[in-house]
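A quick write-up on the structure given underneath.
The values are calculated or read from the model by the stated rules, or taken from the named source; none is laboratory data. Bear in mind the structure is a predicted one, so any value in this text is a computation, not a measurement. Backbone-built Cβ (ideal geometry, glycine too); neighbour counts: all protein chains shown. All accessible areas refer to the heavy atoms of the entire protein, side chains included, with ligands and DNA or RNA removed. Shrake-Rupley method; radii C 1.70, N 1.55, O 1.52, S 1.80 Å.
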Amino acid sequence: MAKEKKGEKKMKTISAIGGYSMACNYMIGTGVLALPIVFNSASIGTSVLITMLASLLCGISTFWINEATARGWALVRHRQQTNGTTQTPTAAENDSGPSDSDQDEKPLLEDDKQETEQAYVPPPADNDEPQLYQDGEMADPTETANTTDGSTLAPVVDALVEPDYAIPTEEVLQLPSLCKLFMGNTGFLVYQFCVIIYLFSTLWGYASVVASSLTSNFLWVPQKVFELFGSHYFSGITCNEPCSYRFGCSEIYVVFMVLFTITSMFFGLMEVSDQALIQMVFTVFRYLVLGIMILTTGMAFFIGPYDGDAHQSIPYYYPQAAFKLSLNGLAKVIPAAVFSQVMHHSAPVLLQPVRNKKRLNTMFGSVLATACIFYISLAVICALYFGPNARSLASLNWATWNGKSWTDSGSRPIIPILVSMLIILFPAVSLVSSSPLNAITLSFMIMELMPGKIKDPKWRYYKLVLITCRCLAIIPPIFIAAFVRCLTMIVQVCGITGFALCLIFPPLLQLTSQRKLKKIYGDKAGKTPYTNIFSFWPIPVFVIIVGVVFAIVTTSGMVTSWLGIDV
């Protein structure tokens with residue numbers, strides 16, 4: 001690896017708790033607020049089981065990303081030794097042209113076609129150490145090789161050295177690079193297609209949700225301001241449905257969109273490690289609001305019903321079937337359960353600055369476990385209490401909360417008003433923190449498509465390239481959201497790529513990276529620091545099957561729903 005130059009800025013590291021906070025902010029957003037209405041559609045029992053299964057599989061997938069990252073660095077170091085270069089993987093991939101200092105260096109992340117061109121060099125007679133042959137890799141102990149004259153070589157049993165699975169802090173192997181290392185150009189391109197569509201549509205949706213939420217709940221601000229100047233331009237209008245905004249609403253929506261753009265640029269141009277403290281604050285805010293929602297709804301079971309259709313004695317709830325199987329219901333709960341727990345595309349960015357890499361599995365596992373507990377608790381309590389009256393964003397149910405019940409009549413005490421305002425602001429605040437983090441990930445995905453020299457951190461104009469990519473990741477989705485606000489259809493269609501990001505590519509990386517390292521190092525490939533009981537091949541195969549089934553069920557349910565067929 002390249003040695004650190006004197007005066008070169010070292011990356012700031014964070015604790016595992018800081019990494020946990022950032023992972024929570026990547027994952028926990030408005031998705032949790034859509035779960036209560038989804039639980040009503042698919043039945044509570046069925047929804048709980050699917051959410052728990054999704055949480056388990058998503059958690060296991062993060063362990064595989066940790067393992068694949070460790071194997072990726074081991075493979076990079078092996079190729080550096082083989083090629084006699086200290087070139088970093090970032091600089092090497094897709095290098096458009098060598099500089100004066102690296103003319104003899106070979107790309108490290110190219111696919112196997114380049115390696116297979118390396119001819120076999122017979123070992124000296126007195127050398128007992130295994131040699132490279134044909135594809136530039138150590139031989140698999142179970143294979144033989146053919147020399148150029150057609151004779152067969154005996155298999156090589158042991159590798160020269162054991163793999164180095166250490167994950168550095170100064171550099172990062174993004175998931176597209178891992179896909180290229182272990183699945184070739186095809187895996188690289190397919191992953192890039194899925195992740196860019198997913199992140200772009202996610203950021204598009206984030207911008208629309210934040211601006212429309214602020215427009216709906218803070219319309220009174222421009223109304224009061226204009227009334228001070230004797231204008232009633234905004235008087236008498238309501239802005240409840242973004243898809244059908246008319247005069248006044250569109251202008252306010254754009255103003256809030258501009259404010260959101262400024263905030264996103266401020267955080268988006270910061271490095272992830274520099275946001276540790278503020279992201280911890282956002283994490284506390286998330287759990288505080290979710291806890292208040294669970295507590296106030298739980299108390300309401302013993303105070304009074306939400307409306308006259310609920311159960312009229314303690315506990316006040318809406319009776320409903322515990323288990324129900326329907327295609328349309330499953331098509332709603334499966335993507336909601338999976339997408340509310342997707343952070344896998346950002347895992348390399350999250351694990352890079354963590355000082356104690358041995359705690360990565362614990363860090364990611366804790367995030368998924370905590371989120372699962374909060375998700376199920378909130379969804380079950382709200383689904384039982386609000387029943388069919390649950391809003392598409394559960395936080396909106398608190399708009400009329402008066403401290404004891406939900407009613408539109410009469411004045412409300414100041415404390416319930418402040419609490420309800422805090423809950424209503426939850427979507428906007430949570431997305432203000434998670435949108436820049438996802439934009440940072442998207443910017444790295446964009447950089448992965450560029451020539452290697454341009455994205456080399458040691459290149460003199462790297463900072464300019466980085467800022468440009470961050471702007472490309474932040475501004476276009478927000479610009480489109482300013483004019484196209486009704487996103488239901490595009491979010492459903494593009495959301496299917498989320499299954500590939502967390503339930504298809506991580507297990508594929510686990511299987512292909514295991515095979516690749518076994519081929520190079522034989523039995524010495526051994527276990528990585530992140531190997532656990534879920535690391536062995538039947539489990540990744542099972543997860544891939546589940547991911548494919550989830551995608552088929554979701555797509556089928558979407559089609560039948562669009563056709564008006566209730567299945």
Report summary line: If we keep only residues of the stretch 327-342 that are open to solvent by 30 Å² or more (accessible area, probe 1.4 Å) and not basic (Lys, Arg), then the residue modelled with the highest pLDDT is Leu330
Query raised in the report: For the stretch 439-483, how many residues meet the condition of being within 18 Å of Pro176 (Cα to Cα) and not in a helix (DSSP H, G or I)?
Result: 9
Requested in this report: Determine which member of the set Phe505, Phe550, Phe542 is in contact with a Cys (Cβ under 9 Å, 6 or more places away or on another chain) and either among the aromatic types (Phe, Trp, Tyr) or under 30 Å from Leu199 (Cβ atoms) (or both).
Outcome: Phe505
Report task. Within the stretch 270-278, identify whether any single residue is within 21 Å of Pro36 (Cα to Cα) and either at pLDDT below 75 or not charged (D, E, K, R) (or both), and answer yes or no. Result -> no
Requested in this report: Could you pull out the residue among Leu378, Leu330, Leu350 that is within 30 Å of Ala166 (Cα to Cα) and either assigned to a helix (DSSP H, G or I) or touching a strand residue (DSSP E or B) at 6+ places or on another chain (Cβ under 8 Å) (or both)?
Outcome: Leu350
Report task. Find the residue count for the stretch 146-178, including only residues that are open to solvent by less than 50 Å² (accessible area, probe 1.4 Å) and at pLDDT below 50. Result -> 4
Requested in this report: Answer yes if at least one residue in the stretch 457-478 is under 29 Å from Val254 (Cα atoms), basic (Lys, Arg) and at pLDDT 80 or above, and no otherwise.
Outcome: yes
Report summary line: Residues in the stretch 424-434 that are assigned to a helix (DSSP H, G or I) and either open to solvent by 10 Å² or more (accessible area, probe 1.4 Å) or in contact with a Gly (Cβ under 7 Å, 6 or more places away or on another chain) (or both) total 6
Requested in this report: Enumerate the pairs (first residue in the stretch 389-409 and at positive phi; second residue anywhere and open to solvent by less than 30 Å² (accessible area, probe 1.4 Å)) with beta-carbon separation below 7 Å, excluding pairs fewer than 6 apart on the same chain, so at least 6 apart or on different chains.
Outcome: Gly403/Pro416
Report summary line: When every residue in the stretch 279-306 that is modelled with pLDDT of 80 or more, buried (at least 17 other Cβ atoms within 10 Å of the Cβ) and of a type in the set (Ser, Thr, Tyr) is compared, the one nearest to the chain's Cα centre (by Cα) is Thr283
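Might you check whether a residue that is of a type in the set (D, E, K, R), surrounded by fewer than 24 Cβ atoms within 10 Å (Cβ to Cβ), over 18 Å from Leu53 (Cα atoms) and at pLDDT 90 or above occurs anywhere in the stretch 343-356?
So in the stretch 343-356, the residues of a type in the set (D, E, K, R) come out as 355.
The next check asks that each one be surrounded by fewer than 24 Cβ atoms within 10 Å (Cβ to Cβ); those that pass are 355.
Pick out the ones that are also over 18 Å from Leu53 (Cα atoms) and you get 355.
Cutting the leftovers down to at pLDDT 90 or above gives us none.
Looking for residues that are of a type in the set (D, E, K, R), surrounded by fewer than 24 Cβ atoms within 10 Å (Cβ to Cβ), over 18 Å from Leu53 (Cα atoms) and at pLDDT 90 or above, one finds none in the stretch 343-356, hence no.
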Query raised in the report: Residue check, Phe505 against (1) open to solvent by 20 Å² or more (accessible area, probe 1.4 Å); (2) part of a helix (DSSP H, G or I), all met but one. Which one?
Result: (1)
Report task. Please verify whether the stretch 56-72 includes one or more residues that are among the charged types (D, E, K, R), modelled with pLDDT of 55 or more and open to solvent by 50 Å² or more (accessible area, probe 1.4 Å). Result -> no
Query raised in the report: Does Leu53 satisfy the criteria of being modelled with pLDDT of 90 or more and either closer than 25 Å to Ala428 by Cβ or surrounded by fewer than 24 Cβ atoms within 10 Å (Cβ to Cβ) (or both)?
Result: yes
Query - Tally, over the stretch 417-461, of residues that are among the aromatic types (Phe, Trp, Tyr) and under 24 Å from Val258 (Cβ atoms) - result: 1
